[in-house]
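Below: the structure, in structure tokens.
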Amino acid sequence: MSARGRFLFGAGGLAAGLMLAAAGVQAADRAWTRDQVSHGLQAQGRAVAVSYAPGPRDGGLSRAARITGVYASRDYDSAARIVTRLCWGSAQGPCVPLRGRSVQTHAFDGRAAAGPLLLVHEVEDWGGGHPPVFVRGTVTVWFDLGLY
């Protein structure tokens, strides 16, 4: 085999190996997702927290399962300006703000995948809207089983 042929075969083998490694990483990552609606936000400056955790259909996460990424979104039907933060463990945090309607973050990587994670909503300004305002939230947590 020529030097050029060995290079192309070696490069192809490397590419195939990288693709298999990437597939292995994706196979190791699992996810749980929850959708919930908050209690009605009634007063400006009074936060409402909604807790998200894996359920029975997720097979019960071991204590070793660790977060590898989180996505959260929120939606509501009101002219009010609502600020929302995504927190791990409690409403005191650690937390990351949602900018607009969603956030995708690795800020909680390595923490327990069983959470809980919380979306904490607060009316900043009613903007012509009025109470109550209900916020629909979705949280997806990607995790590995911590078996490595």
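Only the coordinates and a few stated rules stand behind these numbers; no lab work does. Computed from a predicted model, the values in this text were never measured in an experiment. Because the Cβ atoms are built from the backbone with ideal geometry, glycine has one as well, and the counts that use them run over all protein chains shown.
Numbers below:
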item: FRET efficiency, GLU124 to GLN36 (Cβ-Cβ, R0 35 Å, nearest 0.05); result: 0.95
item: Amide N of the range 41-77 lying under 18 Å from the label point, which is placed 7 angstrom from the Cα of SER102 along Cα→Cβ; result: 68-77
item: Cα pair distances exceeding 20 angstrom across the range 65-148, given as percent; result: 36
item: 5 angstrom amide H check on PHE143, placed H, neighbours 5+ away; result: ARG30, ALA31, THR68
item: Computed label-point distance, nm, for sites ARG57 and GLN92 using a 7 Å Cα→Cβ extension; result: 3.5
item: Label-to-label distance, nm, for residues given as THR138 and ASP109 (7 Å Cα→Cβ offset); result: 2.4
item: Cleavage-rule hits (trypsin sites (Lys or Arg not before Pro)) in the range 52-148: DSSP loop, at most 11 neighbouring Cβ within 10 angstrom; result: ARG63, ARG101
item: Positive minus negative residues near VAL139 (Lys, Arg vs Asp, Glu; Cβ under 10 Å); result: +1
item: Phi-based couplings in Hz for the range 94-106 (Karplus 6.51, -1.76, 1.60; Gly and Pro marked x); result: x, 9, 10, x, 8, 9, x, 8, 7, 8, 10, 9, 10
item: Karplus-derived 3J(HN,Hα), 6.51/-1.76/1.60, for each residue of the range 47-57, Hz, glycine and proline x; result: 6, 10, 9, 10, 8, 10, 8, x, x, x, 6
